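Student: One structure follows; several queries about it will come next.
The values are calculated or read from the model by the stated rules, or taken from the named source; none is laboratory data. Just so it is clear, the structure is predicted and the values come from calculations on it, not from any experiment. All Cβ positions, even for glycine, are placed from backbone atoms using ideal geometry, and neighbour counts span all protein chains on display. The accessibility values were calculated without ligands, DNA or RNA, using every heavy atom of the protein model including side chains. Shrake-Rupley method; radii C 1.70, N 1.55, O 1.52, S 1.80 Å.
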Amino acid sequence: MSDNDLLSRLNAVHDKMSNNPAYPSPPVDMAGFKAAIDVYTAAVAASLEGGKAETVARDKRRTDAIIMFRQLGHYVESACKNDMTTFVSSGFVLSTTGQRTPPQPVDVPSLIAVDQGSTGQLLVSVKPVAKARRYDIRYAPDPAAGAAINWTTMSVPSTRPPIRFNNLTKGVNYTLSGERIRKTGLLRLE
């Protein structure tokens, strides 16, 4: 935020918080807050024509004013008791940035190819999905009819290079599946 924008915000909060009955006991003395704003305003003006020392002084005064501003903000947030009319009467504005969007489901990836790697290895190519943070793929030797499948899960952060399934037994059929992979099938390791 630029110095001028911050000064505007600081002055608005000072003006609306002073003698506001909704906020009877702020943690910062309002006269002291106004003094910090005035000193910061003077430091901004001095830094425009000054050198490094004036810039350092301006940044120090800015930090001092922001600390007081944050203390007031925490107080206002608590004292308004989620009444937005009361909150806005303080001069603070509702934030539209920094609010997180709830996690959204990602598309389900699909298998592109399964290739024979070196001995005891399968290479599985998965179509990548936007915003996926990892891919969970399960594999297991094909069980006897009616027996439960004993899955081994592999989590990988990326679909490139192809995912390597190592230490598989030659001549055994494997089942490959995943929470985010639709295609399930038997793969015979040759």
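Student: Could you check region 99-117 and list, in sequence order, the residues that are open to solvent by 70 Å² or more (accessible area, probe 1.4 Å) and assigned to a loop (DSSP other than H, G, I, E, B)?
Tutor: Matches in region 99-117: Q99, R100, T101, P102, P103, Q104, P105, D107.
Student: Being open to solvent by less than 50 Å² (accessible area, probe 1.4 Å), under 30 Å from N20 (Cβ atoms) and part of a loop (DSSP other than H, G, I, E, B): is that true of S95 here?
Tutor: no
Student: Go through region 118-134 and give me each residue that's within 22 Å of the chain's Cα centre (by Cα) and open to solvent by 100 Å² or more (accessible area, probe 1.4 Å).
Tutor: Correct list: K131, R133, R134.
Student: Mind checking which pairs have a first residue in region 46-67 that is among the β-branched types (V, I, T) and a second that is crowded, with 16+ Cβ neighbours inside 10 Å, Cβ under 8 Å, 6 or more apart or different chains?
Tutor: T55/S47; I66/L6
Student: Right, next: Within region 50-68, is even one residue under 26 Å from the mean Cα position of the chain (by Cα) and of a type outside the set (S, T, Y)?
Tutor: Checking region 50-68: at least one residue is under 26 Å from the mean Cα position of the chain (by Cα) and of a type outside the set (S, T, Y).
Student: Continuing with the same structure: Restrict the check to region 21-35 and report whether at least one residue is touching a Cys at 6+ places or on another chain (Cβ under 8 Å), open to solvent by less than 50 Å² (accessible area, probe 1.4 Å) and of a type in the set (A, V, I, L, M, F, W, C).
Tutor: Yes: region 21-35 contains one or more residues that are touching a Cys at 6+ places or on another chain (Cβ under 8 Å), open to solvent by less than 50 Å² (accessible area, probe 1.4 Å) and of a type in the set (A, V, I, L, M, F, W, C).
Student: Could you check region 143-156 and list, in sequence order, the residues that are open to solvent by less than 70 Å² (accessible area, probe 1.4 Å) and over 39 Å from the mean Cα position of the chain (by Cα)?
Tutor: Passing the criteria: P143, A147.
Student: So which of D107, D83, D142 is modelled with pLDDT of 80 or more and among the charged types (D, E, K, R)?
Tutor: Only one candidate qualifies: D83.
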